[in-house]
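The values are calculated or read from the model by the stated rules, or taken from the named source; none is laboratory data. All values derive from a computational prediction rather than experimental measurement. We place every Cβ from the backbone using ideal geometry, glycine too, and count neighbours over all the protein chains shown. Heads up: the accessible areas ignore ligands, DNA and RNA and are worked out on the full protein's heavy atoms, side chains in. Shrake-Rupley method; radii C 1.70, N 1.55, O 1.52, S 1.80 Å.
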Amino acid sequence: MTTTHQNTSNSEVQTHNTTGSPANIYDQMFVPTFFGRFTDLTLDVAGVNKGQTVIDIGCGTGALAAAAASRVGPEGEVAGLDPNEEMLEQARAKDVPVDWYHGPAEQLPFEDETFDSVVSQFALMYFEDKPKALQEMHRMLKPGGKFAVLVPDAIDRSPGFSVATELLHRLFGEEIAQSMREPFKDGDPDYLRKVCDEAGLRNAEIISAIGAGRFNTPSDFMKVEGSCAWTLGGLLSDEQLNHLYEESNNAFKPFQHTDGSITIDTPCLIIQAAKS
Ligand SMILES: C[S@@+](CC[C@H](N)C(=O)[O-])C[C@H]1O[C@@H](n2cnc3c(N)ncnc32)[C@H](O)[C@@H]1O
C-alpha cells in the first residue's frame, strides 16, 4: 500500500536564530519545515480520532503529540515520551494538553492495554533495542488499537537528500556525507519486517508513503540540516557552512519553484500493527 501526503503551505526558517540549545534550534527550524509536516500522515496510519488515548514515543519537542492532542480533542488524552530531557523541556514549554514522560521506548512506564493508538515518527532508527521497543508499544495497545511507527525510506529513494549527500561528499569528504545518510539507515522494508518478526508482530504491515519538507530557499534547507543535532550539527565550521549555503543554490535548482522555495519529497516506511 502506498499513500501520498503533501503539505503545501510554506513556513519561515528562522535562519538568524541559531544560538539556542540544540533542542530549541530543532524546534524552531526543523519542526516547521520538516518534521511537523509528517504528523497527519503518521496519525492517519494509526487511525487516530476524536476521544482516543494516544502516546507518541520518541516525541522529541512534541510536534506529533501536539497534533494528536488537537485531533483527539478535549475528550481524548495524549502522552509523549522521550529519553532526552532537553527535548522534553522544549515540549513542556508548549501550551498543549499533553502529559510528558521521560524514558526510553524499550521500557514504557504504563500498564498493558492503556492506549487506543501508539505513534512514533523519525525516532525508531535511534532506538537501541528495536524489537523490544515494538513489543512494548504493542503491549500498551488496547484490543482493537493500532500503532504507526514512521522512519525515512532509504536515502537513494530520496532525491533531495541524495543531492545533499553528494554535495557534502564533494565539498567536505565521505565522513561528513555519511552523517547525512545516518537517519535513513533503517529505510529497508525487509529489515523492518525482520525487526517486526523478532518482536513477534506477525500481523504488522510495512506501508510506503511520501511526505515532503518545504524550505524558502535551498540554503535554508542546508541551514536547517547544518543546525540539526542528528545530521550535521556541530560538524562544520562557519566558513564551511557558508560555502555549503552558496553551493546549495546551484545544487538544488532542479527542486526549486518559481518563488525560489524548494520541496524535498521524502519517501517513508511506516510499520502499522493492530492488536486483536
Ligand atoms: C529526530 S528526533 C524526532 C522527534 C520527534 N518524533 C519529531 O517528529 O520531531 C528523534 C528522537 O528520538 C529520541 N530517541 C532516541 N533514542 C530513543 C529511545 N531509545 N527511546 C525513545 N526515544 C528515543 C531522541 O531523544 C529524539 O528526541
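Karplus-based coupling profile of region 228-239, in residue order and whole Hz: 8, 4, 8, 10, 9, x, x, 8, 10, 6, 4, 5, with θ = phi - 60° in 6.51 cos²θ - 1.76 cosθ + 1.60 and x standing for Gly or Pro.
Taking 0.36 nm per residue of separation and subtracting the current Cα-Cα distance, fully stretching the chain between Ser261 and Lys50 would add 72.5 nm. Here the Karplus curve 6.51 cos²θ - 1.76 cosθ + 1.60, taken at θ = phi - 60°, turns the phi angles of region 245-251 into couplings of 4, 4, 5, 5, 4, 6, 4 Hz, with x standing for Gly and Pro.
Remark: the chain carries 43 Å² of accessible area per residue (probe radius 1.4 Å; ligands, DNA and RNA excluded). In the chain, the calculated helix contribution to ellipticity at 222 nm averages -10000 deg cm²/dmol per residue, counting -39,500 (n - 2.57) for every DSSP H run with n ≥ 4.
The string of couplings for region 65-82 from the Karplus curve (6.51, -1.76, 1.60, θ = phi - 60°) is 4, 5, 5, 5, 4, 6, 6, 6, x, x, 7, x, 9, 10, 10, x, 9, 7 Hz, one whole number per residue in order, with x for Gly and Pro.
Between the amide H of Tyr101 and those of Gly80, Leu81, Asp82, distances stay under 5 Å, these residues lying 5 or more places away or on another chain, with hydrogens modeled in the peptide plane.
Amide H contacts of Gly76: Gly51, each under 5 Å away and 5 or more positions distant or on a separate chain (H built 1.01 Å from N in the peptide plane; Pro and chain starts excluded). Using the structure shown, select from Lys132/Lys275; Lys146/Lys194; Lys185/Lys275; Lys50/Lys194; Lys130/Lys223 the pairs with a Cα to Cα distance greater than 22 angstrom. With Cα atoms farther than 22 Å apart: Lys185/Lys275; Lys50/Lys194; Lys130/Lys223.
Here the Kirkwood formula puts the hydrodynamic radius of region 29-96 at 12.0 Å, using every distinct Cα pair. Counted residue by residue at 0.36 nm each, then reduced by the alpha carbon distance between them, the extension gain from Asp197 to Ser162 reaches 9.6 nm.
For the charge dipole of the chain, defined by +1 on Lys and Arg C-beta atoms and -1 on Asp and Glu C-beta atoms about the Cα centroid, which residue among Leu134, Phe110, Ile271 has the Cα displaced farthest towards the positive pole? So the residue furthest toward the plus end is Ile271. Considering region 157-204 at the alpha-carbon level, its Rg and Dmax are found to be 15.0, 45 Å. Evaluated at q = 0.10, 0.14 Å⁻¹, a Debye calculation over the C-alpha positions of the chain (equal weights, vacuum) places log10 I(q)/I(0) at -0.50, -0.97. For region 142-237, applying the loop criterion from DSSP together with a ceiling of 10 other beta carbons within 10 Å to the trypsin sites (Lys or Arg not before Pro) yields Arg202. If R0 equals 30 Å, the separation of the Cβ atoms of Asp40 and His169 corresponds to a calculated FRET efficiency of about 0.35. Only beta bridges with both residues in the chain are counted; by DSSP, about 45 percent of them are antiparallel. In whole percents, the pair-distance distribution calculated for region 36-139 from its alpha-carbon pairs, binned every 10 Å from zero, is 17, 53, 29, 1. Between Glu86 and Asp190, the distance separating the two model label sites (each 7 Å from Cα on the Cα→Cβ line) works out to 3.8 nm.
Normalise the Debye intensity by I(0) for region 126-276, one equal point scatterer per Cα, no solvent, then take log10 at q = 0.16, 0.20, 0.21 Å⁻¹ and round to two decimals. Calculated log10 I(q)/I(0) at the listed q: -0.88, -1.14, -1.21.
What net charge is computed for the residues neighbouring Leu201, neighbours being all others with C-beta under 13 Å from the C-beta of Leu201, Lys and Arg scored +1, Asp and Glu -1?
Numbers: positive: Lys130, Lys132, Arg139, Lys146, Arg193, Lys194, Arg202, Lys275; negative: Glu136, Asp197, Glu198, Glu205.
Its environment carries a net charge of +4.
A Gaussian network model of the chain, with springs between Cα atoms under 10 Å, assigns the largest mean-square fluctuation among Thr53, Thr33, Thr114 to Thr114.
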